[in-house]
Structures are given as structure tokens and as C-alpha cells.
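What follows is a set of notes on a single structure, which appears directly below.
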Amino acid sequence: MRLELPRMGHEVTVCPDGTTAVAALQKNTYDCLLVDLDMPGYNGIEVIAKAKEFSPEAEAIILTGKSSLDTAVAALRHGAFDYLTKPCRLVEIESILDRVARKIELTNKYRALKQRLERIEGSSELIGQSPQMEQVRSLIAKVAPTPSTVIVHGETGTGKELVARAVHDQSLRADGPLVAINCGALPENLIESELFGHRKGAFTGAEEHRAGLFEVADGGTLFLDEIGELPKPTQAKLLRFLESGEIRRVGENDSITSDVRVVCATHRALDEMVAEGQFREDLWFRINTFEIHLPPLRERDGDIPLLAAALAQRFGKQTRPGQSLFSPEALALLNAHSWPGNVRELANVIEHGIILCERGPILPEHLPNRFASGTCRATIRLAAGRSLREIEMQAILEALDRHDGNKPKAAEELGVSLKTLYNKLNQAPNAPLSKSA
């Protein structure tokens, strides 16, 4: 087994007795144990019991020369996966290990599916007929069948996870798991354990062995949303995986391999973060293999009615044949809005309108109060003959005017970051100025 199992693709640790085996279990996590019943120190049953304590997910296979029904029953009662009598053929061991591998794969797929169902919001279909969205679909179709790492750029709320799902669904890994994690949603001291896993006792609170998302996503795709929020030490471990395919659980010395495709997303300018020393340059070059830019909603001409109809259907709003979902006035308000929160903001607006609208189309009074403000009405009057960028700049300048030039407060009202506000102001140096500007 020491010579032959590695040739089958297994990583093998050989222990001469039960005591050595228990010591190995305390240091590393294993997927499967092949143990004899009669050994010096701990016997086979005791080793299995210890394995369930340190590696509760590990499967155990008993090898013994005593073909006794009693010992077989005892082994199974202690959680053994199967039971073989010696001498056994290598093909029998290989067959059992294949069954163990299939069980692990199914377990990981179940976990990934459970997580995906908890995170998913509506359909994964990319909705829209604008040229910008057609280009996104074209890029996805080209890169999906390849093993390349993909990075998706886009503002918050544009639907970057939908792009990741589309890449996965059109790839050769479509039958494998798609696992998603928001790198900015977890504390810095937990993100490494979440991604790479840990063994019991690796840190305070690690009361049991836990597989990381790289293991759960084996054979599939791992989506790292907001990768710019990863701390520097975790960036180094991610770079190691991308270069070698190896990961190391927290608290363990040995590395394991995982076959995972990585799709990243961010709303931040990673090249600027590299220049500022906030993001590793070597990792940036490694993940920047293929870029997909997801346009903001304000640049997707004609997509708002399609998106609104799909969102309304998700929220249970039904319309009769030939009936419009919105009144012309409400639709004009939606088209004129700058949508700083993008599709996520649109979803909230549609849900708000559906709650207030009992029958018939959604009217302007069914929309949130900000759509009935003087700013929104003025924007519609100014829309004719003006570009969307000019209308957006008008909204920015009016927000600055209302807050006496206070940019942080204006950015908060507009729903954008202060950095985004500065960028938009710098992009339009010749824009018309408000009184306070």
C-alpha cells in the first residue's frame, strides 16, 4: 500500500502502530484510515475512536486476519466504513477507496449546494439586451470552457456573482460545486479558516475539524467576491494555491491538493491598491488573466424595463396580458434615475412598489419618496437632449449644493463612496457648476 496507493493518486502516511497513528491524527486531518485490529499500543477500534475525535469526517477501513463476525460488527458499530479480511487484494482496496472518494465528493457537493441555496437571490440568468450586456455574454462564452482564472470588475450591486455563476454553468465544471464567499463579510481572523479549513484545536474556538471552501469546491468553482478585502497573509496563501494547486489547513503542516477554478470579483481598483501597498502585486498579476467588466445600470440603455419585469415576477407581481407593469410616468422616473445602487437598488424599488400597489400598474406614488423629490422631477425635465453623464453630474452638483459643498454627506445621500464621488467629479471638469460649487 505504501508503494502502490500513491500511484493511484492517494497521499499516504504509514504508521507502524496504533500509538503513532493517533499522534499523526493529532497533527493532520485525513480522509480515510486503513487500520489493522491487532496493533501495539492502541488497537484498531481505539484508533477509529480517536479518529472520530480528531477527524470526525474520516472514513475507516478495517484490515484483519480474523474473519470473525463479532469483530466486523464491533468495527461497524464504531463507525468503520467497510471491513476486509487479510490477505486482501489491492484491487479490493482500490475499489473501497473509490467509494470513499465518491462519498466525500457527494458530501462536498451537498455542502456547496446548501450554501448556494442560502445565498442565491432569484434567477442566475443575465437579463438585458443592451450592447454592454451582449459583450459580457460574449466574453463569458469565450472564457467559460477554459481553465483560466477570471476577475469580474463592477460597482456594488451590478450582479458580479451572476457572472461567476454563468462562467461556472458554461464551463466543463458545471457538474461540480459552485461555492461563493464574500471576502469582506468575515473577520480577518476567520477568513483563512473559512477558505482553507482547520483541524481541531488549531485556535481558540476550533472545537472540531472543518473542511475549507477550497476542499468543498474541489472539482468545481470557487467565487471570491470582494477579493480586495483579503488580508495580506491570506493573499499569500491564495497565491500559493493558484501556482501549485496546494492548500494547507490552519494548524497542519502537510499540504493537500484541490482541483478548483477561481473566479474573483471586486468593485475596487486593484492596480491602485497595488501601488498603495494594500494588495500583492504578484497576486494581482496572477488573477488578472481574463477580465470581465460589468457595466453599471445607468449605462445599460433599455435594460431597466426588462430587469424590472423579471424582478417583479420574482416578488410575485402578476400582470394581465397586454397590461404594463409600470405607468408611463413611473417608468420615466425609473429611466431617469442614476441608480447608484445598481440592480440591487432596483430590486428594492420594485419590491417597495409591489407592496404599495394592490392592483394595476405601479404608479409614481408607489415608488420610494426620493423618486417624488424635486431633484428627480428636475432630472426628468433636463433629460431631453442631455447625456446620461451630464444628468448624473447634475444630480451630484445638486447634492453638493444641498449639503453646502460637504462631499462626504453628498456621497452618503447619493449612495456612493467618497472615492467614487471624487472620481466622477474629476471625470467632468467642464460640468456646469452649482451655486455653492
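The numbers here are math on the coordinates, done by the rules we state, and not lab data. Note that the structure is a prediction, hence the values are computed from the model and not measured. Every residue, glycine as well, gets a Cβ built from its backbone with ideal geometry; the counts of neighbours run over all protein chains shown.
Some values worked out for this structure:
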item	result
Rotationally averaged projected area of segment 34-92 (alpha carbon convex hull; nm²)	4.1
Relative contact order computed over the chain (Cα-Cα under 8 Å; 6+ residues apart), in percent	13
With eigenvalues of the C-alpha gyration tensor scaled by 5 and rooted, segment 160-258, Å	23, 15, 13
Calculated diffusion of segment 217-257, Stokes-Einstein form, Kirkwood radius summed over Cα pairs, 4 °C and 1.567 mPa s, µm²/s	114
Expected-Rg normalisation [2.2 N^0.38 Å, Cα atoms] applied to segment 240-363	1.62
Within-15-Å neighbourhood charge of G154 [Cβ basis; K, R +1; D, E -1]	-1
Whole-angstrom Cα spans of the chain along principal axes, big to small	90, 54, 39
Pair E125, N348: separation of 7 Å Cα→Cβ label points (nm)	2.6
Cα gyration tensor, segment 1-42 - rounded (a/c under 1.5), prolate or oblate	oblate
Distance from segment 83-104 to segment 222-250 (C-alpha centre basis), Å	34
Sites T19 and F290 - FRET efficiency at Förster radius 51 Å, r taken between beta-carbons, to 0.05	0.50
Projected label distance in nm at K409 and N182, using a 7 Å step from Cα toward the beta-carbon	2.9
Percent of beta bridges antiparallel (DSSP, the chain, rounded to nearest 5)	10
At R0 = 60 Å, FRET efficiency that the Cβ-Cβ distance of T149 and V91 yields, to 0.05	0.95
Among beta bridges that DSSP assigns inside segment 120-295, antiparallel share in %, nearest 5	20
Anisotropy class of segment 134-196 from Cα gyration tensor, a/c 1.5 cut	oblate
For segment 120-295, convex hull volume per residue from C-alpha positions, Å³	119
Cα gyration tensor, segment 5-105 - rounded (a/c under 1.5), prolate or oblate	rounded
